[in-house]
Amino acid sequence: MFVWAHRGASGVAPENTLRAFEQAIEAGADGIEFDVHMVEQTPIVIHDAWLQKTTNGLGLVRQATLAQIQALDAGDGQTVPTVRETLAMIRGRCQVNLELKAANCAMVVAAEVRYAIEQGWFGPEQIIVSSFNHKQLHIFAKQMPNIRVGALTANLPVDNAAFALDLNAWSLHCNRDFVDQALVDDAHEKGLKVYVYTVNHIEDIDYMVSLRVDGIFTDYPARAIQYLQVKTN
Ligand code: G3P
Ligand code: MG
């Protein structure tokens, strides 16, 4: 079972910060998922479109300046990192899943991913770009056809995993509340990996194992890894 640290080890450190990413790596996570918004054409790592959810700032991310956002506290003295700082820090020590949140960030994220690969920080197979915004995914994939795409859905599509094939996706990223055996089986028949968010409780991990999903996104990677090791031995 592939363990993605959801927003880093966000159960034990401020979400989407370098500390949360470092703790995810220390926990032995297979990959780190983080969320991407954009300010002044620079992709940054934050979940909400609004600053007040996770920082001491106020207002919309896209209406601030990069300098204003970098001066904010994202929890315990951590700052809001840029995508470049994040990729430079993780530097191939585990896989990464960039989740595009901003409606217009596909092009700038493609440039950052290209830069990270050129720097030798990651191999192309270590990166997945996902989004609920399938139009953004389509734009990204046109720029970077060799990078894996994760088709995100919060719902249970009536035709199961078919939409992910339309996106030429590598993986299907689906919601714990809706995933079922038919969706998992259909995705596997189509050659897709299945990763489920957000799986924090032991009962949910057991359920995901029983569904034979390929991986989970969890806020507590250390706990999940430890439990899975015991369970599978
Ligand atoms: O990428 C999986 C998951 O992070 C999607 O939901 O709201 O936690 O970004 P959210
Ligand atoms: Mg996310």
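The figures follow:
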quantity: Residue match in the stretch 9-22 (condition: closer than 29 Å to ASN104 by Cβ, within 11 Å of ligand 2 (Cβ to nearest atom), in contact with a helix residue (DSSP H, G or I) (Cβ under 7 Å, 6 or more places away or on another chain) and not hydrophobic (A, V, I, L, M, F, W, C)); calculated: yes
quantity: Residue ID - nearest to ligand 1 (Cβ to nearest atom), chosen from residues in the stretch 196-232 that are under 17 Å from GLN181 (Cβ atoms), among the charged types (D, E, K, R) and touching a His at 6+ places or on another chain (Cβ under 9 Å); calculated: ASP214
quantity: The one condition in (1) within 16 Å of ligand 1 (Cβ to nearest atom); (2) within 20 Å of SER10 (Cβ to Cβ); (3) basic (Lys, Arg) that LYS193 fails to fulfil; calculated: (2)
quantity: Matching residues in the stretch 95-117 - criterion: being surrounded by fewer than 18 Cβ atoms within 10 Å (Cβ to Cβ) and touching a strand residue (DSSP E or B) at 6+ places or on another chain (Cβ under 6 Å); calculated: VAL108
quantity: Single match in VAL61, VAL3, VAL45 (criterion: buried (at least 17 other Cβ atoms within 10 Å of the Cβ), over 21 Å from PHE140 (Cβ atoms) and within 16 Å of ligand 2 (Cβ to nearest atom)); calculated: VAL3
quantity: Residue list for the stretch 134-161, restricted to those being among the hydrophobic types (A, V, I, L, M, F, W, C) and either at pLDDT below 95 or closer than 21 Å to PHE217 by Cα (or both); calculated: LEU137, ILE147, VAL149, ALA151, LEU152, ALA154, LEU156, VAL158, ALA161
quantity: Residue match in the stretch 166-182 (condition: more than 16 Å from ligand 1 (Cβ to nearest atom), modelled with pLDDT of 95 or more, of a type outside the set (S, T, N, Q) and buried (at least 16 other Cβ atoms within 10 Å of the Cβ)); calculated: no
quantity: Matching strands (runs of 3 or more DSSP E) fully within the stretch 64-183 where at least 1 residues are within 16 Å of ligand 2 (Cβ to nearest atom), in contact with a His (Cβ under 7 Å, 6 or more places away or on another chain) and farther than 27 Å from GLN23 by Cβ; calculated: 148-153
quantity: Where a residue in the stretch 20-43 is at positive phi and its partner, wherever it lies, is away from ligand 1 (no atom under 15 Å from the Cβ) and assigned to a loop (DSSP other than H, G, I, E, B), with Cβ under 9 Å and at least six apart; calculated: GLY28/CYS94; GLU40/ALA64; GLU40/THR65
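Quick grid of which residues meet (1) farther than 21 Å from HIS37 by Cβ; (2) touching a Cys at 6+ places or on another chain (Cβ under 9 Å):
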{"residue": "ILE117", "(1), (2)": "yes, no"}
{"residue": "PRO124", "(1), (2)": "yes, no"}
{"residue": "GLN143", "(1), (2)": "no, no"}
{"residue": "ASP159", "(1), (2)": "yes, no"}
{"residue": "ASP180", "(1), (2)": "yes, no"}
{"residue": "ASN200", "(1), (2)": "yes, no"}
{"residue": "VAL213", "(1), (2)": "yes, yes"}
{"residue": "VAL230", "(1), (2)": "yes, no"}
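Conditions (1) surrounded by 19 or more Cβ atoms within 10 Å (Cβ to Cβ); (2) among the hydroxyl-bearing types (Ser, Thr, Tyr); (3) assigned to a strand (DSSP E or B), marked per residue:
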| position | (1), (2), (3) |
| --- | --- |
| TYR195 | yes, yes, yes |
| ILE205 | yes, no, no |
| PHE217 | yes, no, yes |
| VAL230 | no, no, no |
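The values are calculated or read from the model by the stated rules, or taken from the named source; none is laboratory data. Keep in mind the model is a prediction, meaning the values are calculated, not measured. Counting neighbours? That spans all protein chains shown, and the Cβs are built from the backbone with ideal geometry, glycine included.
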